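Q: Next up is a structure, given as structure tokens.
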């Protein structure tokens, strides 16, 4: 309901065919509420005595974040995304993914992604994450499967995923938990799912399993996403429903989650 945002300076270019380049410097970050705190973003100057109101703009470390991003499409078959980010004097991160459209009679692809974390503090352990994904469409139904593996051992620092609540781009992401656990050391996750669109109705169902080396933190997560966009005189109105079932190794944390949204576009 409340978006996060950044205070930043950015220069972007699409001058080269099939290539987008961005260079930027981020100085501050606004959380959704002033009670938000994310342990892997501990260098952000969070407010620990908030009231639950929309968050203020907080400094990111002492000197902000410098980043470079390059996205490129090659011969309509390859898509490559890459980014380097440096939270100055805190952590450096490298990210890359590549997707290849297979030469088949139906829409299919394979993809790979990689995160690399290098902490500037000697007492923190560097880490990385490797992910794979495949998918294809047949008869109006999309099938997909993903797998991610975080390096390191139990108790090591998690893979740096970026800054903010929305920085969870990995191939086993979910709706309720966002798949944040995939970045914890020694964790491997897999996801299986299918989706379809019938007229104005879009739906997706998927199952995600998380194997965490810490006792009690394994999770099996079922997710259903439904979205309907009206047409005609009501074409600006949309409704969505998200339902999740969380089955933890620690049964006391088991839960269900239902989210509904009504949207109107001006």
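The values are calculated or read from the model by the stated rules, or taken from the named source; none is laboratory data. For clarity, every value in this text was computed on a predicted model and none was experimentally measured. Here the Cβ is made from the backbone with ideal geometry for all residues, glycine too, and neighbour counts use every protein chain on show.
Q: Any residue that is touching a helix residue (DSSP H, G or I) at 6+ places or on another chain (Cβ under 7 Å), outside the structural domain of residue 17 (by TED's automatic domain parsing) and within 20 Å of residue 167 (Cα to Cα) - is there at least one of those in segment 103-118? Please lay out each step first, then the result.
A: The first filter runs over segment 103-118 and keeps only residues touching a helix residue (DSSP H, G or I) at 6+ places or on another chain (Cβ under 7 Å), leaving none.
There is no residue in segment 103-118 that is touching a helix residue (DSSP H, G or I) at 6+ places or on another chain (Cβ under 7 Å), outside the structural domain of residue 17 (by TED's automatic domain parsing) and within 20 Å of residue 167 (Cα to Cα).
Q: Residue 77 passes all but one of (1) under 30 Å from residue 135 (Cα atoms); (2) surrounded by 15 or more Cβ atoms within 10 Å (Cβ to Cβ); (3) not assigned by TED's automatic domain parsing to the domain that holds residue 127; which number fails?
A: (2)
Q: Residues that are assigned by TED's automatic domain parsing to the domain that holds residue 24, under 24 Å from residue 11 (Cβ atoms), in contact with a strand residue (DSSP E or B) (Cβ under 7 Å, 6 or more places away or on another chain) and in contact (Cβ under 8 Å) with a residue 12 or more places away in the chain: does segment 49-57 have at least one? Show your work before the answer.
A: Within segment 49-57, the subset assigned by TED's automatic domain parsing to the domain that holds residue 24 is 49-57.
Going one step further and asking which of them are under 24 Å from residue 11 (Cβ atoms), we end up with 57.
Subsequent filtering for residues that are in contact with a strand residue (DSSP E or B) (Cβ under 7 Å, 6 or more places away or on another chain) retains 57.
Restricting the remaining residues to those that are in contact (Cβ under 8 Å) with a residue 12 or more places away in the chain gives 57.
Within segment 49-57, one or more residues are assigned by TED's automatic domain parsing to the domain that holds residue 24, under 24 Å from residue 11 (Cβ atoms), in contact with a strand residue (DSSP E or B) (Cβ under 7 Å, 6 or more places away or on another chain) and in contact (Cβ under 8 Å) with a residue 12 or more places away in the chain.
Q: Which one is farthest from residue 36 (Cα to Cα), of the residues in segment 186-200 that are touching a residue at least 12 places away in the same chain (Cβ under 8 Å) and out of contact with any strand residue (DSSP E or B) (no Cβ under 6 Å at 6 or more places or on another chain)?
A: Of the residues in segment 186-200, the ones touching a residue at least 12 places away in the same chain (Cβ under 8 Å) are 186-198, 200.
Checking the rest, the ones that are also out of contact with any strand residue (DSSP E or B) (no Cβ under 6 Å at 6 or more places or on another chain) come to 186, 197-198.
On the way: 186: 26, 197: 35, 198: 38 Å.
Here the answer is 198.
Q: Restricted to segment 4-24, and to residues that are outside any strand (DSSP E or B) and more than 22 Å from the chain's Cα centre (by Cα), which residue is nearest to residue 44 (Cα to Cα)? Walk me through it before giving the result.
A: First pass over segment 4-24, keeping only residues outside any strand (DSSP E or B): 4, 14-18.
Add one more test, that the residue is more than 22 Å from the chain's Cα centre (by Cα), and what stays is 14-18.
Numbers: 14: 32, 15: 34, 16: 35, 17: 37, 18: 35 Å.
Among those residues, the one meeting the criterion is 14.
Q: Okay, moving on. So is residue 169 in a strand (DSSP E or B) and either under 16 Å from residue 41 (Cβ atoms) or not assigned by TED's automatic domain parsing to the domain that holds residue 211 (or both) or not?
A: Numbers: in a strand (DSSP E or B): no; either under 16 Å from residue 41 (Cβ atoms) or not assigned by TED's automatic domain parsing to the domain that holds residue 211 (or both): yes.
No: the conditions fail for residue 169.
Q: Could you please let me know if residue 212 is under 30 Å from residue 7 (Cα atoms), more than 16 Å from the chain's Cα centre (by Cα), outside the structural domain of residue 8 (by TED's automatic domain parsing) and surrounded by 14 or more Cβ atoms within 10 Å (Cβ to Cβ)?
A: Considered against the rule, which asks whether it is under 30 Å from residue 7 (Cα atoms), more than 16 Å from the chain's Cα centre (by Cα), outside the structural domain of residue 8 (by TED's automatic domain parsing) and surrounded by 14 or more Cβ atoms within 10 Å (Cβ to Cβ), residue 212 comes out as no.
Q: Something else now. What single numbered condition from (1) within 11 Å of the chain's Cα centre (by Cα); (2) assigned to a loop (DSSP other than H, G, I, E, B); (3) within 22 Å of residue 143 (Cα to Cα) fails to hold for residue 176?
A: (1)
Q: Continuing with this model, one more query. Could you figure out which of (1) assigned to a strand (DSSP E or B); (2) closer than 29 Å to residue 151 by Cα; (3) not assigned by TED's automatic domain parsing to the domain that holds residue 184 isn't true of residue 46?
A: (1)
Q: Here's something else I'd like to know. Is it the case that residue 36 is surrounded by 15 or more Cβ atoms within 10 Å (Cβ to Cβ), at pLDDT below 90 and either not in a strand (DSSP E or B) or not assigned by TED's automatic domain parsing to the domain that holds residue 109 (or both)? Spell out the reasoning first.
A: Numbers: surrounded by 15 or more Cβ atoms within 10 Å (Cβ to Cβ): yes; at pLDDT below 90: yes; either not in a strand (DSSP E or B) or not assigned by TED's automatic domain parsing to the domain that holds residue 109 (or both): yes.
Here the answer is yes, as residue 36 does meet what is asked.
Q: Same structure, new question: Scan segment 249-262 and give yes if some residue there is in the same structural domain as residue 138 (by TED's automatic domain parsing), surrounded by 17 or more Cβ atoms within 10 Å (Cβ to Cβ) and under 25 Å from residue 162 (Cβ atoms), otherwise no.
A: Of the residues in segment 249-262, the ones in the same structural domain as residue 138 (by TED's automatic domain parsing) are 249-262.
Then keep just the ones that are surrounded by 17 or more Cβ atoms within 10 Å (Cβ to Cβ); that gives none.
No, segment 249-262 contains no residue that is in the same structural domain as residue 138 (by TED's automatic domain parsing), surrounded by 17 or more Cβ atoms within 10 Å (Cβ to Cβ) and under 25 Å from residue 162 (Cβ atoms).
Q: I'd like to check something: does segment 66-73 contain any residue that is over 22 Å from the mean Cα position of the chain (by Cα) and surrounded by 13 or more Cβ atoms within 10 Å (Cβ to Cβ)? Can you show your working first?
A: Within segment 66-73, the subset over 22 Å from the mean Cα position of the chain (by Cα) is none.
No: zero hits.
Q: Another one. Would you confirm, using the coordinates I've provided, whether residue 148 is in contact (Cβ under 8 Å) with a residue 12 or more places away in the chain and in contact with a helix residue (DSSP H, G or I) (Cβ under 6 Å, 6 or more places away or on another chain)?
A: Values: in contact (Cβ under 8 Å) with a residue 12 or more places away in the chain: yes; in contact with a helix residue (DSSP H, G or I) (Cβ under 6 Å, 6 or more places away or on another chain): yes.
Taking the combined requirement at face value, the residue satisfies it.
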